[in-house]
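What follows is a set of notes on a single structure, which appears directly below.
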Amino acid sequence: MNDRFKKYSRLPTEQNNPRTRDFDRIPLRRVLEKLNYEDSLVPRAVGKAIPAVEKAARLVSKVYLAGGSVFFIGAGTSGRLGVLEAAELPPTYGVEPERFRALMAGGQMAVFHSKEGAEDVFGDGFREIKKSVKKGDAVIGIAASGVTPYVKGGLAAGKKAGAGTVLITCNPKERTPEADITVALDVGPEPVSGSTRMKSGTATKLALNMVTTSAMIISGKVYRNWMVDVRTTSQKLALRAQRITSILGGVPQEAARRLLDVTGNDVKTAIVMARRAIDVKKARLLIRKHKGFLKPILG
């Protein structure tokens with residue numbers, strides 16, 4: 001047995017789950033009940049990692065508010081989850097797409113079609129991050145096993161450039177020198193051994209949601225629990241912006257729509273205009289004075 005085989009066979013993500021060893025000999029209903037039980041263990045595992053999630057969220061907020069960029073890098077399921085984060089943050093919180101970017105082992109086509117082996121090249125991850133990262137940015141490596149060479153390469157390049165580095169992993173034993181912060185999610189063995197798109201994928205998505213959502217909250221992108229920097233890139237989002245402006249601005253929906261027309265669909269500005277009874281210029285100056293935070297303006 002060679003050293004590499006030993007190393008991988010000992011990974012937490014490769015262990016066999018004693019609770020599901022009868023999967024192929026029990027009724028479908030029992031299979032589903034067992035899958036549901038295994039999934040129910042995930043939030044508890046994520047909850048135990050909150051101290052590390054908090055550190056990661058503060059880093060993301062600090063980088064964003066200072067004008068830096070955040071890079072997600074991963075392979076397979078982990079990489080696709082990073083792509084989701086980078087794609088969904090701009091319409092939800094009005095951030096510039098170039099400020100949150102995702103790199104996927106194997107390139108863009110690997111998002112849709114598996115490209116096995118791409119994750120094994122440390123140099124690819126290093127080179128791809130090196131091309132874009134700068135001091136003051138952040139690199140978030142996503143690797144269920146914690147040992148993916150492509151991800152480690154990206155983290156190493158980020159660290160060398162002076163960026164903050166985070167590893168999100170489902171290997172609680174992994175502490176890589178390339179990561180300043182490690183979010184370790186101890187979800188236990190998968191229901192189907194080694195299939196990290198299951199509990200590991202769910203835990204990773206929850207952790208990423210917590211990191212980015214809380215980072216946006218402390219960066220002034222949320223007032224109470226409303227997304228006040230939402231971009232009106234679809235009919236649904238346009239109606240959401242109108243509803244948010246109406247509720248927080250304390251004006252009828254038609255008045256909210258007119259305010260959004262005046263501001264170019266800038267929800268924050270429309271709300272401040274409604275609540276403070278001021279024009280666009282004064283509202284924007286007030287928002288700039290408070291660095292985008294509505295709480296000190298509206299109370």
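The values are calculated or read from the model by the stated rules, or taken from the named source; none is laboratory data. This structure is a prediction, so every number in the text was calculated from the model and none was measured. Here Cβ is always computed from backbone atoms with ideal geometry, including for glycine, and neighbour counts include all displayed protein chains. Side chains included, ligands, DNA and RNA excluded: accessible areas come from the protein's heavy atoms. Shrake-Rupley method; radii C 1.70, N 1.55, O 1.52, S 1.80 Å.
Only Lys, Arg, Asp and Glu carry charge here, each on its Cβ (+1 for the first two, -1 for the last two); on that basis the chain has a dipole of about 1000 debye about its Cα centre. Between THR233 and ARG44, residue separation times 0.36 nm minus the direct Cα-Cα distance comes to 64.5 nm. Evaluating 6.51 cos²θ - 1.76 cosθ + 1.60 at θ = phi - 60° for every residue in the range 263-279, the Karplus couplings come out as 8, x, 6, 8, 4, 4, 4, 4, 5, 5, 4, 5, 6, 9, 6, 10, 7 Hz, glycine and proline recorded as x. Taking 7 Å steps out from each Cα toward its Cβ at PHE23 and HIS290 produces label points 5.2 nm apart. Which of ASP229, ASP279, ASP22 moves most in a GNM of the chain, Cα contacts under 10 Å? In the Gaussian network model the winner is ASP22.
Going down the list LYS55/LYS130; LYS55/LYS159; LYS62/LYS289; LYS62/LYS131; LYS55/LYS282, which pairs span over 28 Å between their C-alpha atoms? The partial results should precede the final answer.
Working: LYS55/LYS130 24 Å; LYS55/LYS159 16 Å; LYS62/LYS289 18 Å; LYS62/LYS131 22 Å; LYS55/LYS282 36 Å.
Going by Cα-Cα distance, LYS55/LYS282 fall outside the 28 Å limit.
In whole angstrom, the range 119-174 maps to an equivalent ellipsoid with semi-axes of 19, 13, 7, each derived as √(5λ) from the alpha carbon gyration tensor and ordered largest first.
Computed from the Cβ-Cβ distance with R0 of 51 Å, the FRET efficiency linking ASN36 to VAL262 stands at 0.55.
For the range 206-249, the convex hull spanned by the alpha carbon atoms encloses 81 Å³ per residue. Using a Gaussian network model of the chain in which every pair of alpha carbons under 10 angstrom is joined by a spring, one finds that among MET104, MET273, MET216 the greatest mean-square fluctuation is at MET273.
Solvent-accessible area of ILE287, all protein chains in place: 20 Å² (probe radius 1.4 Å, heavy atoms, ligands and nucleic acids excluded).
Annotation: aspartates and glutamates with alpha-carbon distance below 18 angstrom to LYS281 (same-chain offsets under eight excluded): ASP229, ASP261, ASP266. For the range 1-105, the direction-averaged projected area of the alpha-carbon convex hull comes to 10.4 nm².
Of all DSSP-defined beta bridges confined to the chain, some 10% are antiparallel rather than parallel.
The residue among ALA105, PRO91, LEU239 whose Cα reaches farthest toward the positive pole of the charge dipole of the chain, with charges on the beta-carbon of Lys, Arg, Asp and Glu, is LEU239. Rounded, prolate or oblate: which fits the range 64-177, taking a ≥ b ≥ c as square roots of the Cα gyration tensor eigenvalues, rounded meaning a/c under 1.5, else prolate when a/b beats b/c? Oblate shape, in that a/c is at least 1.5 and b/c is the bigger or equal ratio.
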